[in-house]
Amino acid sequence: MKKSYKIEVDCAACAMKMEEAAKKVAGVKDAGVAFMTQKMSVDFEEGVDVAAVMAEVRKQCKKVESDCEIFL
């Protein structure tokens with residue numbers, strides 16, 4: 001299942017860090033962050049709890065870019 005989320009990030013390099021962090025979270029098959037449109041797309045593995053996975057994605061993204069925001 002693939003979902004898209006509105007994000008708030010200040011620079012393209014920060015967006016890239018967020019994308020890399022999201023891809024490492026268990027339950028995420030693939031992720032992409034578009035800095036220009038301020039969107040994050042996440043492709044989830046089958047049968048995962050999307051809310052729990054996104055909570056972990058948000059946590060990991062905050063570690064690499066503390067002032068970023070993902071609107072769930």
Answer with a single label: of (1) 99; (2) 160; (3) 65, which was calculated as volume of the Cα convex hull per residue in Å³ from the structure in view? (3)
Return the calculated 222 nm mean residue ellipticity for the chain, to the nearest 500 deg cm²/dmol, obtained by summing -39500 (n - 2.57) across DSSP H runs with n ≥ 4 and dividing by the residue count. -12000 deg cm²/dmol
Can you pull out the GluC sites (Glu not before Pro) in the chain that DSSP calls coil and that have at most 14 other Cβ atoms within 10 Å? Glu45, Glu46
Distance between Cα centroids, region 33-72 to region 4-32: provide it in whole Å. 6 Å
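All of the numbers you see were taken from the coordinates with simple rules; none came from a lab. A quick note: this is a predicted structure, and the numbers were derived from the prediction, not measured. Cβ sites come from the backbone with ideal geometry, for glycine too, and all protein chains shown count toward neighbours.
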